[in-house]
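Colleague: The structure is given below, and queries will be raised subsequently.
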Amino acid sequence: MKAKITTVYLYLLLTCLAVNSPAATLPPGIMRIDGVPAPALKLANLDGEAYDLANSRGHWVFVHFWASWCGPCRREMPSIQRMTDILADSGIEFLLVNTSETEDEVFTFLGIVAPDLMPLMDLDGQVTEAWQPRGLPATFFVDPNGRIQYQALGGREWEQPAYLEFLRGLLSR
């Protein structure tokens with residue numbers, strides 16, 4: 001009898017932990033990663049200003065790989081613009097890495113769909129190759145210690161409540 005009670009308590013404890021774990025509350029399409037170190041990311045933006053992910057320690061970073069020729073990326077970009085407007089003062093850094101396009105292509109595209117976003121330019125695709133997204137768009141969430149904790153594959157409407165809650169919740173982790 002005592003063994004049955006112990007088994008029941010253990011089952012209830014494990015169930016409670018599973019239900020209350022961060023993975024149980026992840027919005028659709030967000031996957032937990034094992035905290036692998038983020039690859040190097042040193043690029044310049046459209047204005048030629050250099051950026052190095054290593055300098056972002058201490059902050060959560062939303063790293064988004066995209067291209068203007070990608071249909072889901074095109075549909076998603078206005079949503080990213082709205083999300084960054086909503087979370088502008090949140091403390092999360094937002095990086096949009098354009099993959100292997102010219103500055104003219106990117107400038108023209110963003111001027112129409114998301115004029116306030118400033119992308120980083122991966123002109124030769126080497127940074128994208130190092131990060132190995134499984135297609136575009138792909139988003140990685142890098143923790144304050146420089147480790148990838150979450151990933152989202154494919155486009156989504158980032159300004160929806162579930163995603164905004166998730167992003168705000170990162171700041172308490």
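Colleague: For Pro27, work out the one condition from (1) exposed (fewer than 14 other Cβ atoms within 10 Å of the Cβ); (2) modelled with pLDDT of 95 or more; (3) of a type outside the set (D, E, K, R); (4) in contact with a Lys or Arg (Cβ under 9 Å, 6 or more places away or on another chain) it doesn't fulfil.
Modeller: The number of the failed condition is (1).
Colleague: May I pose another question? Of Gly146, Gly154, which residue is surrounded by fewer than 20 Cβ atoms within 10 Å (Cβ to Cβ), farther than 18 Å from Gly35 by Cα and either touching a residue at least 40 places away in the same chain (Cβ under 8 Å) or of a type in the set (Ser, Thr, Tyr) (or both)?
Modeller: Exactly one of Gly146, Gly154 is surrounded by fewer than 20 Cβ atoms within 10 Å (Cβ to Cβ), farther than 18 Å from Gly35 by Cα and either touching a residue at least 40 places away in the same chain (Cβ under 8 Å) or of a type in the set (Ser, Thr, Tyr) (or both), namely Gly154.
Colleague: Look at Gly155 and say whether it is within 13 Å of the chain's Cα centre (by Cα) and closer than 21 Å to Ser79 by Cβ.
Modeller: yes
Colleague: State which residue is surrounded by the fewest Cβ atoms within 10 Å (Cβ to Cβ) when the search covers only the stretch 33-49 and only residues that are at negative phi and part of a strand (DSSP E or B). I'd like the intermediate steps shown before the answer.
Modeller: The initial filter retains those residues of the stretch 33-49 that are at negative phi, namely 33-34, 36-47, 49.
Imposing the further condition that a residue be part of a strand (DSSP E or B) reduces the set to 33-34, 36-37, 42-45.
Details: Ile33: 13, Asp34: 7, Val36: 10, Pro37: 10, Lys42: 12, Leu43: 20, Ala44: 13, Asn45: 16.
The extreme case among them is Asp34.
The values are calculated or read from the model by the stated rules, or taken from the named source; none is laboratory data. These numbers were taken from a predicted model, which means no experiment stands behind them. Here the Cβ is made from the backbone with ideal geometry for all residues, glycine too, and neighbour counts use every protein chain on show.
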